[in-house]
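K.L.:
Input: one structure, supplied below.
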Amino acid sequence: MSTKHSILLSSLILFNLASAQESEIREDSLFYNLNEIEVSGENPKSKVPISKNGNIIWSFDEIDKLPQIFGYSDPIKYSQTLPGIQTNNEYDAGIHIYGCDNSHNYVGIENVNLYNANHILGFFSNFNTSHFQDCIITKTATNSSSPNRLGGYISMGIPKEIFDSISGDFSLGLIASQGTINIPISKKSSISISARASYVNLLYKSFLSLDGNELKYSFGDANFSWVYKPDSQNTIYITSYWGQDNANIAESNYLADISLKWDNKMASLNWDRLFNNGCEMKHSIYYTGYNSKFNINQTSLSFKLPSSINDVGYLGHVKVSDFTFGANAICHFISPQNPQIENSYNSTNNSESLSFLTQEYSVFTDWNHYFTSNINWNIGVRGNLYIDNDNNSYISASPSTSLRYTNNKLEISLTSSLNHQYIYQTGVSTIGLPTEFWTTCNDNIKPQSGFNVNSFFQYKIGKGYRISAEAYYKHLTNVTEYIGNLFDFINTDYDLNKHVYQGTGNNYGINFMVQKSSAPVTGWISYNLGRALRKYDTPKLKGTFPANHERIHELNSVISYQINKHWDIGATYVFATGTPYTAPQFLYLYAGKLISKYEEYNSSRLKPYSRLDLSVNYRFKVKFADECGVNLSIYNTLATKNELFCTWGIGKDNTLVYKPVSFFTRILPTLNLYVKI
């Protein structure tokens, strides 16, 4: 095998992981019935998320009382233990809701999307919880204001009140540290600043390796928010985010340096107004962007895969009585991944930069009516116009409807919607690496659409208990699949359209959850049973097979026990079916060409995934702070060796072998000290 081929194969081993009424009375509420008047007040001590119409409303007042992972309470990690949201493993930070791909979701801050909202390895999301007030997780479109995505919608909300004194939250840990400070500027305005930085290699250097090569990794992010309330009816606020990841692998066997770098950023200016007659109006102008770089450098080879997507947009709506009217306009500046190769044996150099300017316009309206105090019906429609880089126009309508019945103990809802998506993410992996990129629909790759119907049932039992169940079905059209690997960039005249195939998908399943919200024991247990099937009819990809992320069975448990005012302990347990992969029959190099043959696509599965995490908190008070504490968390306490994906490697006898890859360490303890002022 030549050195050049070896470098490429090593890169493949490391990175081609793809082969691998509006008021709700709750048990944690205070409730009074005064003839015809009902007054309800939320108990601020509630730690569990609240389900409403199948969606999740999560206040962060007490989220740090839940079992912590690496000393932090991350709502995105917790959300992956909830019904309808798939369990993920290490190296996969994506969110899969109702069987959809990660790129089918809209995840952001104050309704502004963040592309690739995760840090590497899947341990940390982009969201520093101490900067935010709450999180809303909508698992499927329930009204026409939902953005043009086939999957779910996750939005982090900042506090809108004005802080009257300096306060903050600071944490120092073995893997990362973070801090948030809230500063009053005047009686009508205040700012919040948060920052977070990691130093994984400082103490865990010996654990961070891939295929025997050292992995150097770090990330950092920061948030800024300014809130101004000139009067009781108007709120003006600015919020912004910046984050960056850096990873480097020195491939010692072939003297290659492999680097990965990507960053996210967003900023928005918002104005909310409440009129005397009860009408509401909200406006937002924003920018959001994502850039990634993937480079391989060696004496005889320079290989780069840059990509980016940057949006400038406006979102606004007005609510008048039962009606809501709104509009959304976005300009997408997209540079899809395009290989840049120098000094290789390939005479073709695809160094010409590709860039697209596309436009996305939507108008929407909803009618939300209460027939009685128990029965609510929402019906709406969203009209879309998308203009691609060649001025081709795509027009669609996205209707939605939701019918909901509630009383003090019972909630039943039925939701249906049709959604469209015009941009998509693809690449040689599906786990959030910079080898994935965003691009647009065009003459060859059509817009995606999805029809959804789901039902939700919830019942309260006794004090502090509730059980829930839901069933869902999604039919997807023009879903994409990338067939290829890093060799395609070198050995062929690379053309994205030759490697992306479109077909149909069917996601369906049932989910169950039991919750307990009253102390001292709080938490939930959920079980998901579902399929995510894809069907293609192309020369290279034909038949029906499971999606790369599909887990048929999932069992999740999050339990916290408050021993006393100083001590609490918690545990998170995950058990799930292994994900599919395509097993090879043989692969070898002949006359400088790669010869391979694989079994049927995604016909094999990894072994089941299981993990137990433990967390212990000790809290105490000192004069200069409201609260101090120490957290000890142990990731994968039972040291289970989970298979995360399969890839090619070099065996002991210098032959190619296809083997499962596990996380770099079996067990990972960490210690954090935090202070609240």
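The values are calculated or read from the model by the stated rules, or taken from the named source; none is laboratory data. If you're wondering where the values come from, they're calculated on a predicted model, not measured in any experiment. FYI the Cβ positions are ideal-geometry reconstructions off the backbone, even for glycines, and counts take in every protein chain you see. For the accessible areas, the whole protein counts, side chains as well, though only heavy atoms, and no ligand, DNA or RNA atoms are used. Shrake-Rupley method; radii C 1.70, N 1.55, O 1.52, S 1.80 Å.
K.L.:
Run Phe512 past the list (1) open to solvent by less than 70 Å² (accessible area, probe 1.4 Å); (2) farther than 30 Å from Leu668 by Cβ; (3) modelled with pLDDT of 90 or more and report the number of the one that doesn't hold.
P.N.:
Failing condition for Phe512: (1).
K.L.:
What's the number of the only condition in (1) surrounded by 16 or more Cβ atoms within 10 Å (Cβ to Cβ); (2) within 26 Å of Ser355 (Cα to Cα) that Val318 fails to meet?
P.N.:
Going through (1) surrounded by 16 or more Cβ atoms within 10 Å (Cβ to Cβ); (2) within 26 Å of Ser355 (Cα to Cα) one by one, Val318 breaks only (2).
K.L.:
In the stretch 118-141, which residue that is among the hydroxyl-bearing types (Ser, Thr, Tyr) and under 30 Å from His369 (Cα atoms) is surrounded by the most Cβ atoms within 10 Å (Cβ to Cβ)?
P.N.:
Applying the filter and picking the extreme gives Thr140.
K.L.:
Here's another thing I want to ask about it. Filter the stretch 606-624 down to the residues that are touching a Gly at 6+ places or on another chain (Cβ under 9 Å) and more than 16 Å from Asn556 (Cβ to Cβ) and list them by number. If you could, list the steps in order and put the result at the bottom.
P.N.:
Of the residues in the stretch 606-624, the ones touching a Gly at 6+ places or on another chain (Cβ under 9 Å) are 606-609, 613-620.
Hits for the stretch 606-624 are Leu606, Lys607, Val616, Asn617, Tyr618, Arg619, Phe620.
K.L.:
With the requirement that a residue be among the polar types (S, T, N, Q) and within 30 Å of Val630 (Cβ to Cβ), what does the stretch 63-107 give you? I'd like the intermediate steps shown before the answer.
P.N.:
Of the stretch 63-107, the ones among the polar types (S, T, N, Q) are 68, 73, 79-81, 86-89, 102-103, 105.
Answer for the stretch 63-107, where residues must be among the polar types (S, T, N, Q) and within 30 Å of Val630 (Cβ to Cβ): Gln68, Ser73, Ser79, Gln80, Thr81, Thr87, Asn88, Asn89.
K.L.:
Continuing with the same structure: Out of (1) surrounded by fewer than 16 Cβ atoms within 10 Å (Cβ to Cβ); (2) over 20 Å from Val107 (Cβ atoms), the odd one out for Leu305 is which?
P.N.:
Status for Leu305: all satisfied but (1).
K.L.:
Okay, next question. Going residue by residue through the stretch 363-370, is there one that turns out to be under 30 Å from Gly289 (Cα atoms), surrounded by 13 or more Cβ atoms within 10 Å (Cβ to Cβ) and at pLDDT below 95?
P.N.:
no
K.L.:
Let me spell it out: the conditions are (1) surrounded by fewer than 23 Cβ atoms within 10 Å (Cβ to Cβ); (2) touching a strand residue (DSSP E or B) at 6+ places or on another chain (Cβ under 8 Å); (3) part of a loop (DSSP other than H, G, I, E, B), and Ser144 meets all of them except one. Which number is the exception?
P.N.:
So the condition that Ser144 fails would be (1).
K.L.:
Go through the stretch 198-236 and give me each residue that's open to solvent by 20 Å² or more (accessible area, probe 1.4 Å), of a type in the set (Gly, Ala, Ser) and either more than 22 Å from the chain's Cα centre (by Cα) or at pLDDT 90 or above (or both).
P.N.:
Ser206, Ser209, Gly212, Ala222, Ser232
K.L.:
Please identify the pairs in which a residue from the stretch 330-355 that is more than 21 Å from Asn297 (Cα to Cα) has its Cβ atom under 7 Å from the Cβ atom of a residue that is open to solvent by 60 Å² or more (accessible area, probe 1.4 Å) and modelled with pLDDT under 75, counting only partners at least 6 apart or on another chain.
P.N.:
Filtered contacts from the stretch 330-355: Ser335/Ser353.
K.L.:
Where the second residue is at pLDDT 70 or above and in a loop (DSSP other than H, G, I, E, B) and the first is among the acidic types (Asp, Glu) and lies in the stretch 590-602, which pairs have Cβ atoms under 6 Å and are six or more apart or on separate chains?
P.N.:
Final answer for the pair search is Glu599/Ala583.
K.L.:
Now, a different point. Pull up the stretch 287-304, narrow it to residues that are at pLDDT below 90 and among the polar types (S, T, N, Q), then point me to the one that is nearest to Asp245 (Cα to Cα).
P.N.:
Only one residue tops the list, namely Ser292.
K.L.:
Just to verify a result, which residue in the stretch 384-412, among those that are among the charged types (D, E, K, R) and open to solvent by 70 Å² or more (accessible area, probe 1.4 Å), is nearest to Ser455 (Cα to Cα)?
P.N.:
To start, the set of residues in the stretch 384-412 that are among the charged types (D, E, K, R) comprises 388, 390, 404, 409, 411.
Right, trim to open to solvent by 70 Å² or more (accessible area, probe 1.4 Å) and you get 390, 409.
Details: Asp390: 41, Lys409: 17 Å.
So, considering only residues that are among the charged types (D, E, K, R) and open to solvent by 70 Å² or more (accessible area, probe 1.4 Å), the one nearest to Ser455 (Cα to Cα) is Lys409.
K.L.:
Residues in the stretch 632-677 that are modelled with pLDDT of 85 or more and among the polar types (S, T, N, Q): how many?
P.N.:
Residues in the stretch 632-677 being modelled with pLDDT of 85 or more and among the polar types (S, T, N, Q): 7 in total.
K.L.:
Still on this structure, please answer the following. Which of (1) of a type outside the set (Asp, Glu); (2) open to solvent by less than 20 Å² (accessible area, probe 1.4 Å); (3) outside any strand (DSSP E or B) is the odd one out, the single condition Gly505 does not satisfy?
P.N.:
Condition (3) is where Gly505 drops out.
K.L.:
Still on this structure: Picking from Ile525, Ile552, which residue would you name as being open to solvent by 70 Å² or more (accessible area, probe 1.4 Å) and touching a strand residue (DSSP E or B) at 6+ places or on another chain (Cβ under 9 Å)?
P.N.:
Ile525
K.L.:
Let me ask something else. Can you go through Pro399, Pro336 and tell me which one is touching a Leu at 6+ places or on another chain (Cβ under 7 Å) and modelled with pLDDT under 95?
P.N.:
Pro336
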